[in-house]
Amino acid sequence: MSYNSDYIERIRRANPIVHNITNYVTVNDCANILLAIGASPIMADDEEEVEEIAGISKALVINIGTLNQRTMGSMVKAGKKANNSGIPVILDPVGCGASNMRTKMTLKLLEEVKISVMRGNASEIKSAFSIKGAKTNGVDASFSDSKDLEEICNVARDFALNIKGVVAVTGKEDVVSDGMETYVVKNGVESMAKITGTGCMLSSLTGGFIASNPVNAKTVSAAVATMGLAGELGYSKGMGTGSFRVSLMDMVSLMDDQVLKEGIKIERFKG
Amino acid sequence: MSYNSDYIERIRRANPIVHNITNYVTVNDCANILLAIGASPIMADDEEEVEEIAGISKALVINIGTLNQRTMGSMVKAGKKANNSGIPVILDPVGCGASNMRTKMTLKLLEEVKISVMRGNASEIKSAFSIKGAKTNGVDASFSDSKDLEEICNVARDFALNIKGVVAVTGKEDVVSDGMETYVVKNGVESMAKITGTGCMLSSLTGGFIASNPVNAKTVSAAVATMGLAGELGYSKGMGTGSFRVSLMDMVSLMDDQVLKEGIKIERFKG
Amino acid sequence: MSYNSDYIERIRRANPIVHNITNYVTVNDCANILLAIGASPIMADDEEEVEEIAGISKALVINIGTLNQRTMGSMVKAGKKANNSGIPVILDPVGCGASNMRTKMTLKLLEEVKISVMRGNASEIKSAFSIKGAKTNGVDASFSDSKDLEEICNVARDFALNIKGVVAVTGKEDVVSDGMETYVVKNGVESMAKITGTGCMLSSLTGGFIASNPVNAKTVSAAVATMGLAGELGYSKGMGTGSFRVSLMDMVSLMDDQVLKEGIKIERFKG
């Protein structure tokens with residue numbers, strides 16, 4: 001697929017504020033990756049202020065990584081405010097399926113907030129889709145455990161149609177669909193799974209991309225490819241995970257559209 | 001201005017406990033920078049224990065970066081205890097002006113706790129001063145948006161007189177005033193703004209400095225210069241932000257009074 | 001002492017889920033060190049979900065570093081669930097003795113949850129043992145402040161017998177006892193104390209070790225030695241603390257049983 005755009009240049013020119021309600025494990029990395037790509041992160045999660053903060057932002061990232069009672073209401077409030085303001089909402093349903101609380105919260109967010117982009121691993125996305133589908137389309141949690149790429153592409157596409165947004169499923173190969181177009185992104189290295197928060201970082205990074213670019217499968221694919229490519233450029237054989245984490249951040253901060261254009265490995269899925 | 005002191009040596013000799021009630025985004029960096037300069041960080045924010053912890057500490061740093069209902073009461077309680085114990089309190093009013101909640105909390109802290117040092121960027125400090133001034137002196141939020149150095153020096157001086165403490169306004173050039181003396185510190189590199197938490201780190205670092213040194217504009221200027229100089233020494237052209245963040249911490253840990261003396265760029269402002 | 005085992009290989013083969021209820025200062029490092037050793041960290045602390053999460057895990061790490069009202073109940077609930085599921089619980093009583101709240105919580109956990117491993121510094125462990133002992137054996141907080149190695153070995157042994165588990169006391173020399181056998185581990189470098197969270201990281205790392213290996217003094221000693229040895233291998237003279245922190249993580253991720261076997265410095269204490 002040809003790739004020719006100025007996604008990153010547009011972020012750096014606009015320096016958009018991206019509001020994150022996220023977990024306390026990877027929040028520092030999320031803030032730093034947004035700065036690295038040229039956005040302005042704001043982390044604010046108290047119910048009393050999230051609407052105001054969403055109101056001055058260009059995108060909202062909701063990540064349920066350390067979900068707790070204190071911020072559940074904040075997520076819904078901020079999401080609704082974002083919807084009313086016309087800014088996109090990214091949902092990272094961390095651990096959806098691992099606990100009822102997370103599964104229920106994912107469903108609640110999908111029901112009460114218009115989600116522009118869902119970003120998770122195959123297990124989280126399948127779990128989220130099965131509960132969402134079960135409620136709305138009679139589809140139940142009968143996915144096989146197969147990691148089959150074609151199945152993931154179909155889930156991503158159907159889920160995207162269901163939420164009228166973009167769904168990104170990351171794993172060995174990443175799949176991004178907006179229901180109309182489905183892409184497979186093949187950037188990245190396996191060692192990224194050995195650093196906590198590469199998923200969370202990607203969700204926040206995606207917030208930066210869609211804050212300054214059209215919300216569609218191409219933009220989200222560019223975010224996904226940026227993360228993977230930074231991993232490829234930053235990794236060298238025998239590297240420890242501490243150094244790789246530093247190097248990954250370096251490569252995002254040094255990334256530009258030219259480097260991305262040359263390094264992106266993306267194919268259109270014809271399902 | 002001549003600079004000749006043993007600020008850092010005094011911290012390393014005393015290894016003072018510095019109590020931080022801070023945000024969950026940059027808290028790890030705040031702890032590490034205090035260790036790097038020779039202090040002992042304690043992060044404790046529950047209302048049930050903050051007075052005890054403040055009671056064994058030599059300085060208290062209050063940072064409202066991820067302010068929430070759970071810790072608002074803790075901040076006031078710890079602040080009052082610090083006042084009663086005679087230890088200095090540093091306030092970093094992160095995001096003051098960005099939400100009513102933060103603005104109100106900043107005002108509450110200024111009214112109920114004797115603040116020894118305020119450290120923020122121009123927007124936060126102006127916002128804090130305008131609300132504080134409005135209550136006490138009839139000054140309202142009529143500052144122009146000018147980033148004019150002279151104006152910032154005047155705000156810092158007036159605010160310092162108002163709170164009978166030290167005010168540090170950081171930005172391209174940093175301004176520190178205790179009402180009597182106002183300094184402009186010209187250390188630092190622009191890329192520091194691309195790492196989350198350099199402001200928070202400086203506030204905690206300042207806690208280390210005033211835990212073991214007199215609370216005045218000179219001491220706070222030394223803290224501000226230490227941070228900026230570490231940035232200068234740690235930065236090299238083309239460096240990614242991941243590496244720069246590591247290197248900044250390195251340079252604080254390797255800093256001593258001799259390096260600071262040779263690298264500090266400080267001028268007295270004659271307003 | 002001869003050392004010959006496959007502790008690390010077993011972790012990497014099993015990739016066990018380790019549930020952490022921990023503090024927000026060092027949580028990212030705790031997650032990364034578990035990934036580095038080959039385990040799968042989950043950080044989850046809300047009372048509504050901790051039992052479910054503990055139920056899918058192979059070990060539970062409870063760390064009271066930023067203890068607060070919100071998670072006190074979660075710690076007890078998760079601990080009881082872990083006990084019922086037969087998975088080991090590691091307790092890191094950070095700051096036990098520094099505030100009544102932490103001391104009381106440590107006691108509560110020791111009374112309501114079967115703790116398999118306690119890991120703390122001498123001051124924390126003595127404080128915990130004195131209150132525990134006071135309740136159950138009439139021993140009061142009359143330890144001298146002596147850092148005497150023999151005394152620490154005796155405390156570790158007696159405490160281990162008292163809780164019928166393993167007690168690890170880390171400091172210049174580390175002591176690990178399960179009541180029957182007591183080991184002194186002499187790995188590590190002093191600069192590790194200049195990085196926040198090396199203790200917390202060790203507690204989480206220990207969670208990884210006992211998730212896939214027998215719970216006894218030898219296994220915990222292997223975890224303690226792994227951390228210390230990573231410090232030795234990662235440190236070089238004149239290194240700043242930012243770089244050392246990265247390098248420490250590198251060395252854990254590159255560690256294997258052969259390197260550990262060659263580098264471990266361990267002696268049996270004959271008290």
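The values are calculated or read from the model by the stated rules, or taken from the named source; none is laboratory data. A quick note: this is a predicted structure, and the numbers were derived from the prediction, not measured. Cβ atoms come from the backbone with ideal geometry, glycine included; neighbour counts cover every protein chain shown. Ligands, DNA and RNA are stripped out before the accessible areas are found, and what is left, the full protein with its side chains, is counted by its heavy atoms. Shrake-Rupley method; radii C 1.70, N 1.55, O 1.52, S 1.80 Å.
Restricting region B:73-105 to residues that are of a type in the set (S, T, Y) and more than 13 Å from chain A (Cβ to nearest Cβ), the residue that is nearest to B:G207 (Cα to Cα) is B:S85.
Of the helices (runs of 4 or more DSSP H) lying entirely inside region B:1-108, those containing at least 2 residues that are open to solvent by less than 10 Å² (accessible area, probe 1.4 Å) and closer than 22 Å to C:T26 by Cβ span B:27-37, B:50-55, B:69-85. The set of residues in region A:188-201 being open to solvent by 10 Å² or more (accessible area, probe 1.4 Å) and either away from every other protein chain (no Cβ under 13 Å) or aliphatic (A, V, I, L, M) (or both) consists of A:G188, A:V189, A:M192, A:A193. Considering every residue within region C:194-202, establish whether at least one is in contact with a Phe, Trp or Tyr (Cβ under 8 Å, 6 or more places away or on another chain), assigned to a helix (DSSP H, G or I), closer than 30 Å to B:M201 by Cβ and not polar (S, T, N, Q). Within region C:194-202, one or more residues are in contact with a Phe, Trp or Tyr (Cβ under 8 Å, 6 or more places away or on another chain), assigned to a helix (DSSP H, G or I), closer than 30 Å to B:M201 by Cβ and not polar (S, T, N, Q). Return the residues of region C:66-118 that are without any contact (Cβ under 8 Å) to a residue 24 or more places away in the chain and out of contact with any strand residue (DSSP E or B) (no Cβ under 9 Å at 6 or more places or on another chain); say none if nothing qualifies. Scanning region C:66-118 gives C:N68, C:Q69, C:N84, C:G86, C:S99, C:N100, C:K104.
I need the full set of residues from region C:253-271 which are charged (D, E, K, R) and either open to solvent by less than 40 Å² (accessible area, probe 1.4 Å) or away from chain A (no Cβ under 14 Å) (or both), in order please. The answer is C:D257, C:K261, C:E262, C:K265, C:E267, C:R268, C:K270. If the condition is being of a type outside the set (S, T, N, Q) and either over 18 Å from B:N68 (Cβ atoms) or touching an Asp or Glu at 6+ places or on another chain (Cβ under 8 Å) (or both), then region C:61-78 contributes C:V61, C:I62, C:I64, C:G65, C:L67, C:R70, C:G73, C:M75, C:V76, C:K77, C:A78.
Residues in region B:235-252 that are more than 18 Å from the chain's Cα centre (by Cα) and either more than 14 Å from chain A (Cβ to nearest Cβ) or not polar (S, T, N, Q) (or both): 11 in all. In the set (1) closer than 21 Å to A:G199 by Cα; (2) at pLDDT below 85, A:S144 fails one condition alone, (1). Does region A:13-28 contain at least one residue that is facing another protein chain (nearest Cβ under 7 Å), over 21 Å from A:L202 (Cβ atoms) and touching a residue at least 12 places away in the same chain (Cβ under 8 Å)? No: region A:13-28 contains no residue that is facing another protein chain (nearest Cβ under 7 Å), over 21 Å from A:L202 (Cβ atoms) and touching a residue at least 12 places away in the same chain (Cβ under 8 Å). Being on the phi > 0 side of the Ramachandran plot, assigned to a loop (DSSP other than H, G, I, E, B) and of a type outside the set (D, E) is a condition met by no residue of region A:239-246.
Considering each residue of region A:203-238, count those that are among the small types (G, A, S) and either in a loop (DSSP other than H, G, I, E, B) or open to solvent by 10 Å² or more (accessible area, probe 1.4 Å) (or both), and give that number. Here the count works out to 4.
Go through (1) outside any helix (DSSP H, G or I); (2) open to solvent by less than 20 Å² (accessible area, probe 1.4 Å); (3) under 19 Å from B:N20 (Cβ atoms) one by one and return the number of the condition B:V176 breaks. Only one criterion is unmet by B:V176, namely (3).
Report yes if some residue within region B:224-234 is away from every other protein chain (no Cβ under 14 Å) and under 18 Å from B:A59 (Cα atoms); otherwise report no. Yes, some residue in region B:224-234 is away from every other protein chain (no Cβ under 14 Å) and under 18 Å from B:A59 (Cα atoms).
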